[in-house]
Amino acid sequence: MSKHTAESGLANAEQAIEELQTKLAFQEHTIEELNEALTHQQYQIEKLQVQFKHILDRVKTMEPSNIAKMSEEVPPPHY
């Protein structure tokens, strides 16, 4: 193997290593962003669950309305 071929092979290997390091750094950055988004979404879900529970509790404690449903309404006398 000649000196030029060995240097070329070494340069190719160094370039491949640099590309892998770049890809790894990009993937680490992407994973961190996804983790932050997931954490934020989980917080929002938990907050919505608490709000939903409060609304559900309020609806359960509401008294029925004295207003009749449209299907139960009798027409006024002038009809």
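Lys/Arg Cβ at +1, Asp/Glu Cβ at -1, dipole of the chain taken about the Cα centre: which of THR22, LEU34, GLN44 is farthest positive-ward?
After comparing all options, I get GLN44.
Of [x] 6.4; [y] 12.6; [z] 10.4, which one was derived for mean projected area of the Cα convex hull in nm² from the structure shown?
It is the value labelled [y].
Angle, helix 3-61 long axis vs. longest principal axis of the chain, Cα atoms, 0 to 90°, nearest 10?
10
Each reported figure results from applying straightforward, stated rules to the coordinates on display, with no laboratory input. Please read all numbers here as calculations on a predicted model, not as lab measurements. Backbone-built Cβ (ideal geometry, glycine too); neighbour counts: all protein chains shown.
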